[in-house]
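For reference, the structure is listed below as structure tokens.
Coordinate-derived values only; no laboratory data. These numbers were taken from a predicted model, which means no experiment stands behind them. Using ideal geometry, Cβ is built from the backbone for each residue, glycine included, and neighbour counts are taken over all protein chains shown.
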Amino acid sequence: MSGIEVFLIDFLKLTFLSMVPFVLAGQGTMLGGRTGVFNVAQEGIMLTGAAVGFLVGYLSSSVFLGAVSAMLVGGVFGLILAYFTTTLKMDQFVVGLALFFTGLGLSSLLPKLALGVTLTPPLIPTLPDIPIPLLSKIPVLGPILFNQNILVYLSIILSVLLWYVLFRTNLGLRLRSIGENPKAADSLGISVTRYRYLTSIIGGMLIGLAGAYLPMVYTGTFTDLMVKGRGWIAIALTFFGGWSPLPIMFGALFFAGVEVLSYRMQVGGAFIPYQFLIMLPYIATIIVMIFTFGKAKAPSFLGQNYDRERRTL
Amino acid sequence: MTQIKKIFPYFIAVVAAFIAAGIFIAALKFNPFKAYETILTTSFRTPNGFIQTLVKWVPLTLVSLAFTVPLSSGKFNIGAEGQMLVGAIGAAAVGITCANLPAVLLVPMIILAGILAGAFWGLISAWLLYQFNINEILTTVLLNFISFALIDYVATGPWRDPAAGHPTTIAIGENGFLPMLVNQPPLTIGVILAAIAAILVYFYTDKTTSGYELVVTGANPRASKVHGINIRQMFLFSMIIGAGLAGLAGAIEVSGTQHRLIEGLHSNFPTLGLIIGLIARGKNQAVPFVAFFIAVLEVGASAMQRTLLIPVQVVLIMEALILIFILLSDLIRRRQK
């Protein structure tokens with residue numbers, strides 16, 4: 001294989017690897033948004049998910065338990081968001097922001113409480129690659145797609161599954177109708193409240209897992225503010241993907257590609273000052289928004305609470 | 001009487017947050033009463049403590065206003081952090097390149113450069129909102145991350161101070177230092193600048209036609225549009241003013257406190273700014289008072305960590321709890337109506 005081929009295979013493998021947090025957080029955001037609950041606490045939930053996933057993984061020596069705990073904590077955030085917005089009818093942005101800094105504070109506090117102040121942070125084993133028999137032997141595609149950690153596979157399966165549920169099942173039709181017109185959905189006997197809770201909690205779980213992925217795959221440890229804006233980028237990604245599972249997955253690949261490119265060029269010693277390479281993912285996100293934001297088909301009642309006693313919507 | 005009735009739910013919310021956080025502190029096996037004694041009295045026991053509180057109050061007030069002024073028109077500026085940093089970069093750039101100008105010129109130039117640089121950073125988000133209708137929460141946050149890299153670039157670039165171990169620029173000209181109000185412990189006229197800014201904001205939003213239009217836009221954008229207010233212009237305008245205030249905070253930090261540009265200058269001020277703005281329920285005139293209260297907590301928190309070894313993050317949890325309880329008390333009042 002030529003040098004450029006090796007580089008490309010390596011680049012694409014890393015891109016699929018880095019896609020996971022964007023896919024999970026993006027799908028989580030999309031799921032809640034489809035019923036009208038607009039979560040803006042991703043960054044905080046991911047940080048807490050990363051901290052909890054790492055701590056539980058380290059203290060129990062089980063990465064699996066760590067991942068499950070991160071999902072549970074994310075689910076609790078989703079539940080709180082649903083309770084404050086759907087039941088108490090408080091402004092979704094305000095509650096989301098309050099949850100964002102609750103998560104920010106928790107993620108910084110929890111490791112200090114559990115481990116004390118340490119000079120050398122403890123490490124957890126990172127997720128191993130699981131080659132899929134036969135498929136991983138295919139030249140080029142094999143090493144890129146079929147020799148990855150389990151969450152890469154799961155995030156692809158999840159995206160397809162979500163597409164199927166949302167667009168091919170009765171449940172999906174109900175969920176989408178709530179986000180488009182909750183009053184009409186309500187009048188057909190669909191419980192707006194129940195589905196908003198459900199999607200917000202599952203969405204929160206996915207976002208929590210997205211956070212736990214960072215220590216579990218990238219670093220093996222938790223560092224303060226390690227999410228570095230990926231939670232916010234996930235919101236942009238959701239608009240970019242038109243609140244649809246499959247485009248969100250492909251959008252996640254794009255953002256992951258930019259991220260990998262930015263790191264690769266920093267390591268490769270490009271002639272551009274490295275600080276500008278660090279900016280690359282954020283600038284790319286803003287540029288993408290310019291081209292997609294106006295056209296994005298967001299759910300009509302995104303971010304709006306539903307009160308069945310009000311006459312007008 | 002009505003005034004007391006208005007403040008009462010806040011009082012209850014704060015007390016409830018203190019009790020909840022106290023249980024948390026006790027669960028960590030620390031003495032909550034000792035912790036609260038330190039948190040609440042450090043600012044008032046010594047002149048040093050009080051001045052420290054005022055020094056903290058300055059950026060807190062400004063970054064909170066950077067959030068609440070756009071909020072008056074219904075827009076969320078989460079980017080005070082980036083706007084403050086870029087303001088600091090602008091201030092440092094003028095302070096270093098024009099180091100030899102006399103103080104009467106240099107100090108106002110530095111302050112102005114900070115305000116303009118911050119406002120420019122906010123203008124990017126405001127323009128993206130105005131032109132393409134892109135959600136301002138996202139762009140302001142993304143610009144925060146860009147500004148972290150930018151400040152690192154400036155602090156390691158041609159102005160780098162080779163003697164410093166950490167990415168830091170050389171000092172600005174001595175003529176650019178903010179004049180002192182009190183020499184020991186140091187308190188600069190930054191505190192007056194922040195107070196003037198807060199009063200101007202109050203005067204603008206409460207006493208002028210344009211400010212009224214701003215508030216009305218936030219209260220009901222559709223009705224405002226029908227009545228001929230250019231609401232998109234209002235969004236643009238309020239975002240730029242907010243960002244300029246954050247830029248002023250950056251300039252005061254450079255010219256009054258650090259006298260140079262230091263990477264990592266962004267502490268948790270801007271996050272606190274959001275909390276303060278929300279605790280003040282977006283009311284510009286309440287911001288300076290809430291900011292003072294939070295400054296007391298913050299100064300007390302670092303004293304608590306020093307003397308009682310309780311992690312400062314406990315106070316962040318407490319502040320988040322105050323916010324949540326105040327949001328809840330709002331709700332209770334709404335139910336009672």
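From the alpha carbon centroid of the stretch B:1-45 to that of the stretch B:244-263 is 32 Å. Residues B:Lys5, B:Lys56, A:Lys228 in ascending order of nearby Cβ atoms (within 10 Å, fewest first): B:Lys5, A:Lys228, B:Lys56. As a proxy for reagent exposure, ranking A:Asp307, B:Asp330 by other Cβ atoms within 10 Å from fewest up yields A:Asp307, B:Asp330.
In summary, the lysines within cross-link reach of A:Lys183, defined as a Cα separation below 23 angstrom excluding same-chain residues under 8 places away, comprise A:Lys89, A:Lys297.
Each residue in B:Glu37, A:Glu259, A:Glu5 was given a count of other beta-carbon atoms within 10 angstrom of its own, and listing them fewest first yields A:Glu5, B:Glu37, A:Glu259.
Averaged over peptide B:139-152, the number of partner chain Cβ atoms lying within 10 Å of each residue's Cβ comes to 6. Centroid-to-centroid, using Cα positions, the stretch B:159-220 and the stretch B:267-293 are 15 Å apart. Between B:Leu112 and B:Gln258, the contour length at 0.36 nm per residue exceeds the Cα-Cα span by 50.8 nm.
The helix-based estimate of mean residue ellipticity at 222 nm for chain B, built from -39,500 (n - 2.57) per DSSP H run of four or more residues and divided by its residue count, is -25500 deg cm²/dmol to the nearest 500.
Our summary of shape: the Cα atoms of the stretch B:47-299 have principal axis extents of 59, 40, 32 Å, ordered from largest down, in whole angstrom. Per-residue Karplus couplings for the stretch A:252-266, computed as 6.51 cos²θ - 1.76 cosθ + 1.60 with θ equal to phi - 60°, are listed in order as 4, 4, 4, 5, 5, x, 4, 4, 5, 4, 4, 5, 4, 5, 5 Hz, Gly and Pro entered as x.
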